[in-house]
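Here's the structure, in structure tokens; my notes come after.
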Amino acid sequence: VGDGLRVGVLGCGNVGAALCRLVVDHADIIQARAGTALDVVAVAVRDIGRTRDVPVAADVFTMDPAAVVQDPTVDIVVEVMGGIEPARSLILDALAAGKPVVTANKELLASHATELLAAAEATGVDLLFEASVGGGIPLIRPLRESLAGDRIRRVLGIVNGTTNFILTRMTEDGSPFGEVLADAQRLGYAEADPTADVGGHDAAAKAAILASIAFGAQVVAEDVAREGIAGVTADDIASARELGYVVKLLAVAEEEGGAVAVRVHPAMVPVSHPLASVRDSFNAIFIEGAAVGQLMLYGRGAGGGPTASAVLGDLIDAARNLRGGSRGATIGTLVRKPVRPLDELHSRFYIAMDVADRPNVLSQIAGVFGRHEVSIESVFQKGLGDEARLNIVTHTAHEREMRAVLAEVRELDVVDRVQSVIRVIGDDG
Ligand SMILES: NC(=O)c1ccc[n+]([C@@H]2O[C@H](COP(=O)([O-])OP(=O)(O)OC[C@H]3O[C@@H](n4cnc5c(N)ncnc54)[C@H](OP(=O)(O)O)[C@@H]3O)[C@@H](O)[C@H]2O)c1
């Protein structure tokens, strides 16, 4: 250990271990870009007995993360252990002690960003969290700094690699959801308990952080209307293809008239849209700004290496600022803005339903749509014995009206079941 800045790392799992390796492997560029060396002087873990493939001396490990934060010789704290507590208290303690903090913790940022950012403002130190959304993809810094002068209208993101991998395999192999999920679990692309990914919870946390940064608003994961991909069928994907779309799990954050709207759901995206070409476990964020227009950031949204790259970028930033006695760009304090409920939002819809294959069925169904002023753009019907599969695409309609249409349609004798309802993102982006 030399005379560089002294870094305390909380957690040495996928991300922490990759970070410890990068700090050694990239020592030359750290020195050049931070104007100082970085020395990892303490690493907190849960199990000190585990052997770890990291270039860190054994006596650097501890099972007491609070001691790392309180150590007066630790200059900067990196939190890569995850979870809400004790991560939250440790970060607040570090900030209160005037120590810059770098974290990758999306769960924490998605629930406590307001409190953490206020604490960083209060003591005037850096709190950086590039890795919390999109892993290795730089997007917090572009939103906060490069686009600081623009008014962001909408952010559309593919922010969960597992679900994008599953939807890509369903699209390219024509396999059903259950089969692809089982394969993904076998290959290590999906967790044994896939709920957080498949149910859209992980994407919702990231959507909350993106909305907070893009709009400077207090948005937490609970504000995000959420629907996962478990209901997407091979049929939906085939229909999407026939209509010129691909199905993606999208995080959508919008600001209009001072109110924000944030949601996560499967969506049909036109094949011509840049997000349609984001395959496998890749992530991408598509941003629409008033002056900049449309832009997209694409890359590896997870994994130890990509995530550690983002953490190290933040660490270098914090180190350079600390050495210079300054502080990086901030988004300031998050302000409360009204969050528009899902019911008030509008989009186009694709609906697949099984109906009786007899005359006048279509007119009964169309009548229900008409009564709620949901106008139909196109209808396709395929016979399936004495049943028929009806695929309807609507023009832009309110969620509330669409819900009313579906409730009424389900009551019709001629409708056996509504199989799928998927929102359609327009060709205008
Ligand atoms: N993995 C990714 O691709 C990725 C991408 C973006 C963001 N992130 C975020 O990065 C963070 C870390 O993720 P990860 O995948 O590296 O997790 P991980 O592999 O589970 O590692 C967590 C580490 O934290 C340690 N730890 C947990 N609780 C602790 C406690 N109470 N006291 C001391 N040490 C504790 C663990 O110790 P032991 O090793 O002894 O168990 C382990 O070393 C999470 O917030 C995650 O959301 C991860």
Projected onto the charge dipole of the chain (unit charges on the beta-carbon of Lys, Arg, Asp and Glu, signs +1, +1, -1, -1), the Cα from ALA329, ALA308, HIS201 with the largest positive-side position is that of ALA329
Of the candidates LEU412, TYR245, ALA37, the farthest towards the positive dipole end of the chain (Lys/Arg Cβ +1, Asp/Glu Cβ -1, centred on the Cα centre) is ALA37
What helix-only [θ] at 222 nm does the chain give? Using -39500 (n - 2.57) per DSSP H run of at least 4, over all residues, to the nearest 500, the answer is -11000 deg cm²/dmol
Taking a probe of 1.4 Å and leaving out DNA, RNA and ligands, the chain shows per residue an accessible area in Å² of 42 Å²
The helix 201-215 Cα axis meets the longest alpha-carbon principal axis of the chain at an angle in degrees, between 0 and 90 and rounded to 10, of 70 degrees
With +1 on the Cβ of every Lys and Arg and -1 on the Cβ of every Asp and Glu, the dipole magnitude of segment 170-212 about its Cα centre, in debye rounded to the nearest 20, is 200 debye
In degrees, nearest 10, the alpha-carbon axis of helix 87-96 is tilted away from the dominant principal axis of the alpha carbons of the chain by 50 degrees
On the accessible surface of the chain, probed at 1.4 Å with all protein chains in place, carbon and sulfur together account for a percent value of 49 percent
Scaled by the rule-of-thumb 2.2 N^0.38 Å, the alpha carbon Rg for the chain gives a ratio of 1.10
Once the in-chain neighbours fewer than 8 apart are removed, the lysines whose Cα is under 19 Å from LYS106 read LYS206
The size of the Cβ-based charge dipole (Lys, Arg +1; Asp, Glu -1) of segment 130-169 about the Cα centre, to the nearest 20 debye, is 160 debye
Helix 14-25: inclination vs the chain longest Cα principal axis, degrees, rounded to 10, gives 50 degrees
With +1 on the Cβ of every Lys and Arg and -1 on the Cβ of every Asp and Glu, the dipole magnitude of segment 354-411 about its Cα centre, in debye rounded to the nearest 20, is 40 debye
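Do you know the relative contact order of the chain, to the nearest whole percent, from alpha carbon pairs under 8 angstrom that are 6+ apart?
17 percent
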One finds the C-alpha centres of segment 396-428 and segment 76-111 to be spaced, in Å, by 43 Å
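The values are calculated or read from the model by the stated rules, or taken from the named source; none is laboratory data. Here the structure is a predicted model, which is why all the values come from computation and not from measurement. Every residue, glycine as well, gets a Cβ built from its backbone with ideal geometry; the counts of neighbours run over all protein chains shown. Quick note on the areas: whole protein, heavy atoms, side chains included, nothing else; ligands and nucleic acids left out. Shrake-Rupley method; radii C 1.70, N 1.55, O 1.52, S 1.80 Å.
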